[in-house]
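The structure appears below as structure tokens.
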Amino acid sequence: MTLTLSKKMAEFTSRLETPQNNYQQAAAERLENMDFPSTRDEYWKYTRLGKITNTAFELGTKLTKTDISSFQTCDNIITIAQGEIRDDLSSFNDLSIVVERSFPGQFGVNNVRNEEKATIFTTINDAYFREEVVITIPKNTVLSAPLQVLVLHEGDQIINMPRLRVVAEGSSEATIIMTTGCQDNYTQFSNCLIELDVAANAKLTFQNVQTGNDNHLTITTIDARQAADSRLAVNTFTLNGLLVRNNVNIAVDGQNCETHMNGMLVTKGKQHVDNHTFVDHKVSNCFSNENYKYVLDDQSTGVFNGKVIVRKDAQVINAYQNNGNILLSDQASVDSKPELEIYADDVKCSHGSTTGQLDENALFYLQTRGISKEKSEKILVGAFIGDVMETIEDEATNQYIKNHLQEVHGWDSDIEI
Amino acid sequence: MSKILIDIKNLHAEIEDEGKKILKGLNLTVKAGEVHAIMGPNGAGKSTLASVVSGKDGYEVTEGSVEMDGKDLLELDPDERAKEGLFLAFQYPVEIPGVSNINFLRTAINEIKEYRGEEAVSAKDFMSMVREKSKLVELDSKLASRAVNEGFSGGEKKRNEIFQMAMLEPKVAILDETDSGLDIDALRIVAAGVNKLRNENNAVIVITHYQRLLDYIVPDFVHVLADGKIVKTGDKSLALELEEKGYDWLTTENA
């Protein structure tokens with residue numbers, strides 16, 4: 001075996017041990033020929049990865065703080081701590097779902113992602129993940145309540161590889177709320193990989209609520225596939241984290257599908273949050289819509305990249321995209337980029353991106369009614385993100401997000417959103 | 001003698017970035033229970049006066065003072081001025097999508113109450129207040145709960161301003177061209193609302209181009225503002241005289 005491992009990669013993996021199974025050994029071998037992307041790579045142009053690549057992380061050990069009450073918003077919950085499911089912190093008896101763990105030793109060549117879909121981070125996940133949690137919503141099953149998937153991290157310089165697969169079988173309906181939480185304020189890198197398989201006529205809503213901590217690092221990749229007549233919504237709420245990169249890739253494989261992506265983030269300090277979305281319209285008669293709202297304060301930076309491909313024979317596609325940004329400080333910045341590739345001719349696609357400050361006149365108007373400038377700003381920001389907040393139907397989750405706006409960003413609880 | 005609510009002395013103000021002088025030594029004293037009308041030609045500084053008194057960014061006061069009920073207003077932020085009892089009815093009320101009229105008013109009232117060391121208003125009391133005060137200007141209670149001014153007609157926007165004035169019960173209300181864009185029925189409704197809110201403890205400053213509004217809100221004093229200062233003061237008959245003769249005779253006389 002020749003060692004062509006880059007120095008950076010060698011350093012990065014120096015404290016990680018490759019498990020003794022064929023699947024992960026092979027993944028580790030593939031890693032040897034890969035290097036971390038730099039800002040010269042278009043896909044990573046606006047996101048520097050130094051905070052991740054310059055650290056030798058260790059895999060998380062067993063959770064010591066097992067109180068999850070501050071994170072729990074749903075009665076039915078699956079807790080994945082340090083990349084492994086915790087039966088003692090999970091309870092979902094009310095729901096007719098099947099939850100299985102599948103171990104890397106059981107993975108074969110069929111599980112290897114094709115080159116197009118494999119990135120360095122999915123390959124790292126492949127090489128070091130401990131288990132994949134598979135949630136199946138059986139055929140024709142409509143879940144009576146949302147299911148929370150709580151992803152927990154703990155410890156310093158820890159890397160965890162949460163890996164989740166959701167299979168929404170034919171004509172099923174479910175809402176899954178994934179909440180990321182940290183049990184302390186140390187640096188943890190969550191290299192998260194999620195696969196959503198939405199079968200014909202199924203409806204799946206996947207809420208990604210990122211509450212991390214001030215030092216949290218994450219690369220979260222969501223790969224979804226939709227079969228005919230299905231509806232999928234992937235909504236991302238980023239409320240904390242030092243470096244956050246979300247890749248949402250949705251392949252629309254069947255006709256008459258509906259696809260929604262919404263995102264909301266509020267930043268402070270030197271946070272960097274990057275959302276890359278990709279909708280691949282492979283067949284005709286589909287609708288997709290995305291709406292991302294950014295509110296950036298202090299020296300924080302944001303990136304939005306919305307890619308839509310409409311393949312050659314995918315006619316009668318309606319694809320819409322909107323990214324609105326508010327910069328609350330002179331030092332905050334955002335890079336917003338739509339990327340539309342349209343190869344069919346009977347297609348309606350639109351994209352819009354706006355970046356600005358809060359409306360001075362509206363701010364003054366509120367102040368003349370006796371509301372302080374600070375609160376007036378928050379009222380206007382609340383209104384700005386309101387349409388994305390409305391996509392959370394679950395009241396407890398809505399409150400959870402508001403609590404974070406209060407704790408992390410100093411919002412008053414009485415501000416209506 | 002009733003107490004002085006607004007005392008403006010030798011006020012000079014200019015537009016911050018341009019250094020363009022707009023107010024050039026304006027004096028105005030308003031006592032409790034009074035209604036003052038400020039009239040004048042375009043560009044005289046009427047709206048600047050409203051902006052400077054209410055604390056809008058972009059103006060620099062180079063000389064003079066503005067006191068309200070003995071407090072130096074120029075030292076205060078716009079919201080603090082409102083908390084002290086100042087209200088501005090906008091010439092062009094701002095549309096604020098996504099912010100509900102009622103929710104923001106409740107926030108405003110509770111902030112004002114907190115500032116004054118009073119207890120917050122309960123949801124129940126607040127809603128009955130909304131019902132009562134919206135009747136005053138015949139504002140549909142559905143409008144009261146919609147987003148601030150969004151999709152309101154010109155008349156509805158102005159009625160919403162007076163509705164807010166009724167909710168906030170200011171000591172001093174400045175109505176900046178509240179009559180502009182109003183048809184005669186809406187004008188009557190708005191004026192009737194203002195009249196019902198008048199009492200011996202508050203004062204109203206009406207800024208207007210036309211005498212028409214003053215048929216309904218009858219002023220105790222009429223001032224003519226020209227080239228940044230008040231050039232003539234009289235009673236309500238001055239407004240009629242202006243309507244007849246225009247402003248030229250005053251501005252040329254003054255020059």
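Data for the structure
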item: Any chance residue A:10 is of a type outside the set (Ser, Thr, Tyr) and within 25 Å of the chain's Cα centre (by Cα); result: no
item: Which listed residue, of B:50, B:13, is of a type in the set (Gly, Ala, Ser), open to solvent by less than 30 Å² (accessible area, probe 1.4 Å) and not in a strand (DSSP E or B); result: B:50
item: Residue match in the stretch A:293-302 (condition: over 22 Å from residue A:410 (Cα atoms) and open to solvent by 10 Å² or more (accessible area, probe 1.4 Å)); result: no
item: Scope the stretch A:316-361; condition polar (S, T, N, Q), open to solvent by 50 Å² or more (accessible area, probe 1.4 Å) and not in a strand (DSSP E or B); matching residues; result: A:331, A:357, A:361
item: Among (1) within 14 Å of chain B (Cβ to nearest Cβ); (2) farther than 30 Å from residue B:83 by Cα; (3) in contact with a helix residue (DSSP H, G or I) (Cβ under 9 Å, 6 or more places away or on another chain); (4) not aromatic (Phe, Trp, Tyr), the one test that residue A:387 misses; result: (3)
item: Qualifying residue in the stretch B:72-92 (condition: over 17 Å from the mean Cα position of the chain (by Cα) and in contact (Cβ under 8 Å) with a residue 60 or more places away in the chain); result: no
item: Of all residues in the stretch A:362-378 being open to solvent by 10 Å² or more (accessible area, probe 1.4 Å) and assigned to a helix (DSSP H, G or I), the one that is farthest from the other protein chains (Cβ to nearest Cβ); result: A:377
item: Where residue B:45 falls short, out of the listed (1) crowded, with 17+ Cβ neighbours inside 10 Å; (2) at the interface with another protein chain (Cβ under 10 Å from one of its Cβ atoms); (3) of a type outside the set (Asp, Glu); result: (2)
item: Elements of type strands (runs of 3 or more DSSP E) in the stretch B:147-244, at least 2 residues being crowded, with 23+ Cβ neighbours inside 10 Å; result: B:172-176, B:203-207, B:221-226
item: Cβ pairs under 7 Å, 6+ apart, first in the stretch B:120-134 and under 12 Å from residue B:102 (Cα atoms), second surrounded by 11 or more Cβ atoms within 10 Å (Cβ to Cβ) and of a type in the set (D, E, K, R); result: B:126/B:106
item: Yes/no for residue B:55 being facing another protein chain (nearest Cβ under 10 Å) and open to solvent by 20 Å² or more (accessible area, probe 1.4 Å); result: no
item: Count of residues meeting criterion [more than 8 Å from chain A (Cβ to nearest Cβ), surrounded by fewer than 17 Cβ atoms within 10 Å (Cβ to Cβ), charged (D, E, K, R) and in contact with a Ser or Thr (Cβ under 9 Å, 6 or more places away or on another chain)] in the stretch B:58-100; result: 1
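The values are calculated or read from the model by the stated rules, or taken from the named source; none is laboratory data. These figures come from a predicted structure and were not determined experimentally. We place every Cβ from the backbone using ideal geometry, glycine too, and count neighbours over all the protein chains shown. Heads up: the accessible areas ignore ligands, DNA and RNA and are worked out on the full protein's heavy atoms, side chains in. Shrake-Rupley method; radii C 1.70, N 1.55, O 1.52, S 1.80 Å.
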